[in-house]
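This report refers to the structure that appears directly beneath it.
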Amino acid sequence: MDTALEEKRLQEITALCKNRGFIFQSSEIYGGLRSAYDYGPLGVELKRNIINEWWRDMVYSRQNVVGLDASIIMHPKVWEASGHRAGFADPLVDCLICKERFRADKAPKKIAGEAVTIQLADKGKAKEALDFIEKNLSLQLTRNKKNIEGAVASERGYVCLNCNSPFLSEERQFNLMFRSFMGPVDPMEEVANAVENGNFEGLKGKDLRQAMEKILNPSTVFLRPETAQAMFVQFNNIQRSMSLKLPFGIAQAGKSFRNEITTRYFIFRSCEFEQMEMEFFCHPDEDDQWLDFWKKERMNWWHRYANKPENFKFRQHSPDELAHYSKDCYDVEYKFPWGWDELEGIANRTNYDLKKHEEASGKRLQYRDPESGEMYFPHVIEPAAGATRAVLAYLDDALDQDEIPDSKGELQKRTVLRLHPRLAPYKVAILPLLRKEGMPEKASQVADQFFQAGINARYDEVNAIGKRYRRHDEIGTPYCITIDQDTIEDNTVTIRDRDTTKQERISIEEAVDIVKNRLAEG
RNA sequence: GCGGGUGUAACUCAAUGGUAGAGUACCAGCCUUCCAAGCUGGCAGUGUGGGUUCGAUUCCCAUCACCCGCUCCA
């Protein structure tokens, strides 16, 4: 697929989401807020259905997995122990020559004084760079085609990872966690007082920052950047209260927050996102086999709701991209319009988290084997999936176009969202053929039957029947039930299948069971 | 956050330094007996804030949002 088509695909999905009430931009009337999205009447159903399916599979289908819904704001020490406070504050640097921004710890290392050749994209860029160096840095260097020679590495010990330049901006901290303040008094007031009293007099840079942090820290809290930590922190309470024996899992779905440097691709990467995470605690000798087990389970789950399972695959992390806590990790990737990208990470976190929290809290977070009496840190296998990413993946997987004949027999394009029935926002649409002769009343009664059966049905009488069929095709409603004159006479209705557009005449009594059975499939 | 691009109605697109139009969609009514029908009427817009100007949607500046590249990540 070429770039133009990929872009068009994502636009199609975004447009459908807005037009049909799935997903809107946050605060749209005020110009929108960066990378924040609201799930509309249909989107909330789709997202909830996905999370419910996950919960059903993880918690309701297994004897050894239990649920948790922890608070989003946790004790600040949780994030110190987990490494997020340090790890989420990456020092970033701008290259003064090529304008590249990069993480200081990822840049090529050089010894101070070592000669480096700056490599630009072309001769023109190299000439510009040479001018810039002469004017702004007062250095005379020489140009050789698109390279600039004669520069030396500075005492910082690294150079630009793009062009090799040693001419770099200061390192700047970007805290990737959302900071907030707990307590009735705004801590800015205390900062203002300190300034007024001259407490910061003479302080600069790092020292000034530290002095201000000291005032802010007592009331500082962070929004969780992942849901996982609560499962570790509550390990003891959950294990004891539920009398759990290894191996067992704790599952949680909920919101997490990260100040991403860049957000991109609609809801794919946003600062506020929803996760579905499970921490599976097992004996240290069994972690590899459980990782394998959960890989299989999770891929089965992704495939269950997919029209095109070939668009889901595993990618193993290479040793240098593994997170500091993780021994082995596989991503479930989906072939998004812009390419393969991550949906879920299935990681072997070893005993890193429990150990860290035991150290930091001074509370024992080990498991005592009831038979042998042995005390040990369980190892943890973590399948951590993005719920909001799942929404986007399944929308892309389901969005399709085909052709069906119109009333004149000519083929017309049809947009159809081939969502798995359990993911579909509405399971069935109840449509009076005409708005007269008692059809609306009869249709209302049929809709009530579905509501009583706990099935989300949609009564819809707006526009001509063909248009209503198309509308429900577009939002993924698997069935349309139409009430016509025969219904009034003999209590039969037509039921239309979204994917085939074929209709069948059935009795009203059968209708609920047909839909129910379809929902139970697969 | 850096670099590049874009910004007119819910959508697709017109026009203009001097009263912003159309199609689709949406709403109401009429008509309609199964796959985006018709008729009538209606709602609705220059992202935001400044500047230049008698007058700015148009020119300039800033800002915000989105898209592309880098980066980061579930």
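Points worth noting:
- Segment A:19-33 - residue that is in a loop (DSSP other than H, G, I, E, B) and within 18 Å of residue A:389 (Cβ to Cβ) and, of those, nearest to RNA strand B (Cβ to nearest atom): A:26
- Residue selected from segment A:264-311 under the condition of a type in the set (Phe, Trp, Tyr) and over 16 Å from residue A:331 (Cα atoms), by the criterion surrounded by the most Cβ atoms within 10 Å (Cβ to Cβ): A:280
- Filter result (more than 7 Å from RNA strand B (Cβ to nearest atom), free of Cβ contacts under 8 Å to residues at least 60 places away in the same chain, crowded, with 17+ Cβ neighbours inside 10 Å and not in a strand (DSSP E or B)) within segment A:464-500: A:468, A:472, A:473, A:477, A:478, A:487
- Criterion applied to A:340, A:301 was being within 16 Å of RNA strand B (Cβ to nearest atom), without any contact (Cβ under 8 Å) to a residue 60 or more places away in the chain and of a type outside the set (Asp, Glu), and the one residue passing it is A:340.
- Selection within segment A:319-361 - out of contact with any strand residue (DSSP E or B) (no Cβ under 8 Å at 6 or more places or on another chain), of a type in the set (Gly, Ala, Ser) and over 25 Å from residue A:303 (Cα atoms): A:360, A:361
- Inside segment A:243-276, residues that are within 11 Å of the chain's Cα centre (by Cα) and assigned to a strand (DSSP E or B) make up a count of 10.
- So residue A:441, is it surrounded by 14 or more Cβ atoms within 10 Å (Cβ to Cβ), under 16 Å from residue A:484 (Cβ atoms) and not hydroxyl-bearing (Ser, Thr, Tyr): no
- Options A:406, A:369, A:402; residue that is in contact with a helix residue (DSSP H, G or I) (Cβ under 8 Å, 6 or more places away or on another chain), at pLDDT below 95 and surrounded by fewer than 22 Cβ atoms within 10 Å (Cβ to Cβ): A:406
- Of the residues A:240, A:315, the single one that is in a helix (DSSP H, G or I) and either charged (D, E, K, R) or on the phi < 0 side of the Ramachandran plot (or both) is A:240.
- Residue match in segment A:221-234 (condition: crowded, with 16+ Cβ neighbours inside 10 Å, away from RNA strand B (no atom under 16 Å from the Cβ), modelled with pLDDT of 95 or more and part of a helix (DSSP H, G or I)): yes
- Within segment A:131-151, residues that are under 13 Å from residue A:116 (Cβ atoms) sit with their Cβ atoms under 9 Å from residues that are among the charged types (D, E, K, R) and surrounded by 13 or more Cβ atoms within 10 Å (Cβ to Cβ), at 6+ positions apart or across chains, in these pairs: A:149/A:143.
- Sole exception among (1) crowded, with 21+ Cβ neighbours inside 10 Å; (2) aromatic (Phe, Trp, Tyr); (3) under 24 Å from residue A:19 (Cα atoms) for residue A:459, by number: (1)
- Summed over segment A:383-441, the residues that are in a strand (DSSP E or B) and within 11 Å of RNA strand B (Cβ to nearest atom) give a count of 17.
The values are calculated or read from the model by the stated rules, or taken from the named source; none is laboratory data. Predicted, not measured: the structure shown is a model, and the values here were computed from it. Note that each Cβ is placed from the backbone with ideal geometry, even for glycine, and that neighbours are counted across all protein chains shown.
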